[in-house]
Amino acid sequence: MAKAFWIDQELDRDRGGRYAVHVRKNLEEFEWGDIAPVRFACAAWRLATPPSLTPGHVRWDRRILDATCLRNTYDGSLNARITLVSPLPEQLTRSRAWWRDRGWTGWQASFGQYVEPTQEDLARIPFLRATLLIEAPVPLDGLPPEPEGPHDQVEQSAHRALVVLVRELNALVTPVLDQLDS
């Protein structure tokens, strides 16, 4: 059972603690003064993932197209929004009559990564690419409190937030990926 998310400690170590440096250079991404850890955790996640940091400090399974952490505007809780590559629904695979010789193409892979079709591809053939959208609350247990300000061990707190988020998102998404594999 592979994990959906992981922190790339090896790349970070090889590049001299690049995530901590990235956090320190982007302190304006954080808002200060909230008693809840949600905004801080969301900013830590944003800084650890593409496009803010490429390759990401937090990496994910090749079937995950995007993963964001958001503050819920209803009650301030933490939500995850994850988009996954999916096989076509069974209703579309039972029969190919709907194809009508159009040459439908699904997800294409390049170097093991799922990629969007180019404009040239879209000018020649039709694409039907299925995705799953996971939107779910994320428990706050274990998240570090938001630092008091930009001089209060922000890098360490951001890393700790990532460890907790990766753990919680793995618990949420890995079973879905495992089911898609079976």
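Please treat every number below as a calculation from the coordinates, not as lab data. None of these values were measured; they are calculated from a predicted model. Positions of Cβ are backbone-derived with ideal geometry, glycine not excepted, and every protein chain shown enters the neighbour counts.
Couple of notes before you dig in:
- Restriction of the trypsin sites (Lys or Arg not before Pro) in the range 86-131 to DSSP coil positions whose beta-carbon has at most 11 other beta-carbons within 10 angstrom yields ARG94, ARG96, ARG100, ARG102.
- Distance from the range 5-53 to the range 124-175 (C-alpha centre basis), Å: 11 Å
- Structure-derived semi-axes √(5λ) of the Cα gyration tensor in Å - corresponding label in (1) 28, 18, 16; (2) 27, 22, 13; (3) 36, 18, 15: (3)
- In this simple spin-label model, placing a label point 7 Å from the Cα along the Cα-to-Cβ direction at both ASP181 and ARG124 gives a separation of 3.4 nm.
- Amide H to amide H distances under 5 Å link THR131 with SER86, where only residues 5 or more positions off or on other chains count and H is placed in the peptide plane.
- Compared with the dominant Cα axis of the chain, that is its longest principal axis, helix 38-48 is turned about 60°.
- Virtual paramagnetic centre 7 Å along Cα→Cβ of LYS25, amide N under 11 Å, in the range 53-67: 53-54
- Crossing angle, helix 154-181 versus the chain [Cα axis fit, 0-90 degrees, rounded to tens]: 20 degrees
- Computed lengthening from GLU148 to ASP34, 0.36 nm per intervening residue step minus Cα-Cα distance: 40.2 nm
- Taking all Cα pairs closer than 8 Å and separated by 6 or more residues, the relative contact order of the chain comes to 29 percent.
- Net charge of neighbours whose Cβ lies under 10 Å from the Cβ of GLU146, counting Lys and Arg as +1 and Asp and Glu as -1: -3
- For LEU11 and GLN156, the FRET efficiency from 1/(1 + (r/R0)^6), where r spans their Cβ atoms and R0 equals 25 Å, is about 0.85.
- Within the range 90-151, chymotrypsin sites (Phe, Trp or Tyr not before Pro) in DSSP loop having at most 11 other beta-carbon neighbours inside 10 Å: PHE111
- Extending 7 Å from Cα along the Cβ direction at THR68 and again at GLU135 yields two label points whose distance is 1.1 nm.
- Estimated FRET transfer efficiency when R0 is 45 angstrom, pair ALA97-THR174 (beta carbons, to 0.05): 0.80
- The range 96-182 shape via C-alpha gyration tensor axes, a/c threshold 1.5: prolate
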